[in-house]
Amino acid sequence: MNVLVIGSGAREHALVRALLRDDQVSTVECAPGNAGIAADVSVFPVDVNDADAIATLARDRGADLVVIGPEAPLVAGAADAVRAAGIDCFGPSAEAARLEGSKAFAKEVMAEAGVPTAMARVCRNDAQVEEALDTITRPGTPFVVKDDGLAAGKGVLVTEDRQAAMDHALACIAAGNPVVIEEYLDGPEVSLFAICDGTTVVPLQPAQDFKRAYDDDAGPNTGGMGAYSPLPWAPGDLVDEVTERVLQPMVDAMAARGTPFSGLLYAGLALTSRGVRVVEFNARFGDPETQVVLARLRSGLGGLLKAAATGALAAHPEPQWSDDAAVTIVLAAHGYPESPRKGDPISGLDAAGQQVGVDVLHAGTSVMEDGSVTASGGRVLSVTAVGSSLHEARERAYAAVDLITLEGSHHRRDIAARAATSSGD
Ligand code: AMP
Ligand code: GLY
């Protein structure tokens, strides 16, 4: 099977490496990729927002399966275009990807499916925002204001400051998007991914992401600064409960609407004092959670994704998991997330990648003519390590990060720290 992966982040690098480990996969290619992906497989330029260009490339490359990483091409209909070209595709249709593309739409389907989530109101003008801030926000809890459109994890403001909440809401409206004002959800967050074929739901292993830019959850929201899996503190029946109460009802509701969800359904959850609540859905693998989830996958990824793309999941063997723990640390460019600086040289990549249990996955990286690698995006690297415990995995990941130099870069030092301590390993 020839697989073409679309995207250029560390998530796609992790997908490429996991596909290369699968015996059922003969060739892996990627478009547009990055410096690290290009060192592993052939890469091709493509505009990820051009659905027809993706379908044309897939046909030219003789792909048997296209795996679409990021949300933008999905929302732009890339999976529809690939399927229309007669090629199997892992990724939802544009209609189904609206679960991620519009928070208001996701809320509507959750209500239909009876899926537990935060109370919310969609607002289109300042009077509606004023009213919603007062009625939806429970006394003594922060305000939660979300841009309705795609914002790469950066359109959400959680703040105690009413004026800041108001300003953010009005800025979104001024930019032409409705805003969603939500009830604040307390409790730890979990990301649970499910492979879906429109009918059947196969959950993967849960992971936790660190969304804020700096240690101790300070600073602005980002695309994600690190992740780990498994979650030693999570209830043993979490995956079963979320599959039964959240994932399967959503897939059933989408099928009933005539827009079946085939691809990866990402449930962002809060384990609140009042039970599990959905924070958001995404329609694709999460970044950086994918790096740790796939590091623990023992069975073949290509066969699983192909089964999802062809509606054959019910008959496919369950994924197998290693008992290892995995931790990933995101190295971000100077100025990320507000204004990442491009062009800084990166050194120490080879030494870091040679450490035991370590995978240096690339995100925003480019190769210069002299072969050197420079930063070309906000999140630059996702340094991933496995170990027999979370403690060992994080020691290895941080030791590798410390071998890498990128001027002005920043990364969190507390990824998986609490979980590694509380699990006693
Ligand atoms: P989203 O883009 O909806 O995933 O939101 C990004 C991040 O904002 C989430 O991962 C949470 O950390 C935070 N967040 C979003 N919605 C809420 C909420 N209702 N209560 C508390 N935190 C939230
Ligand atoms: N890690 C958050 C996301 O992929 O949206």
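One table, with the values for the structure above:
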| quantity | calculated |
| --- | --- |
| Size of the stretch 292-425 as Cα extents on the principal axes (Å, biggest first) | 49, 40, 30 |
| Cα-Cα pairs of the stretch 27-142 separated by more than 21 Å (percent) | 54 |
| For the chain: span of alpha carbons on each principal axis (Å, largest first) | 56, 46, 43 |
| Spin-label model distance (nm) - Arg257 vs Thr405, 7 Å beyond Cα toward Cβ | 5.2 |
| Span-like helix ranges in the chain, DSSP H, alpha carbon extent 24 angstrom or more, Kyte mean at least -0.5 | none |
| Mean-position separation - Cα centroids, the stretch 307-327 and the stretch 265-299, in angstrom | 15 |
| For Asp344, residues with placed amide H under 5 Å, excluding near neighbours | Ala375 |
| Residue-normalised accessible area of the chain, expressed per residue, 1.4 Å probe, Å² | 38 |
| Chymotrypsin sites (Phe, Trp or Tyr not before Pro) lying in DSSP loop within the stretch 208-303, provided at most 15 other Cβ fall within 10 Å | Trp233 |
| Nitroxide proxy distance, nm - points 7 Å out along Cα→Cβ at Glu108 and Glu130 | 2.8 |
| Cβ-derived FRET efficiency at R0 25 Å, Ala39 paired with Gln355, nearest 0.05 | 0.90 |
| Which of Ser409, Ser191 is most accessible, then next, and so on - probe 1.4 Å | Ser409, Ser191 |
| Rg ratio (alpha-carbon, reference 2.2 N^0.38 Å) - the stretch 380-425 | 1.20 |
| FRET efficiency estimate (nearest 0.05) - Cβ-Cβ, Leu20 to Ala84, R0 30 angstrom | 0.60 |
| Value in Å of the Kirkwood radius, where the stretch 162-283 supplies the Cα pairs that are averaged | 16.2 |
| Rounded to whole Hz, the Karplus (6.51, -1.76, 1.60) HN-Hα couplings of the stretch 77-84, x for glycine and proline | x, 5, 5, 5, 5, 5, 5, 5 |
| Full-extension gain in nm, Asp47 to Ser372, via 0.36 nm per residue minus C-alpha separation | 114.6 nm |
| Simple spin-label estimate for Thr272 and Asp217 in nanometres, 7 Å along Cα-Cβ | 1.4 |
| Value of relative contact order over the chain, rounded to a whole percent, pairs C-alpha under 8 Å and six or more apart | 17 |
| Theoretical ellipticity at 222 nm over the chain - DSSP helices of four or more residues, -39500 (n - 2.57) apiece, nearest 500 | -8500 deg cm²/dmol |
| Within the chain, longest stretch free of exposed GluC sites (Glu not before Pro) [DSSP loop, at most 14 other beta carbons within 10 Å] | 161-337 |
| Most to least accessible of Ser42, Ser422, Ser376 (protein chains only, probe 1.4 Å) | Ser422, Ser42, Ser376 |
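The values are calculated or read from the model by the stated rules, or taken from the named source; none is laboratory data. As the structure is a prediction and not an experimental result, all values here were calculated from the model. Neighbour counts run over all protein chains shown; Cβ positions are idealised from the backbone, glycine included. With ligands, DNA and RNA removed, areas are computed over all heavy atoms of the protein, side chains included. Shrake-Rupley method; radii C 1.70, N 1.55, O 1.52, S 1.80 Å.
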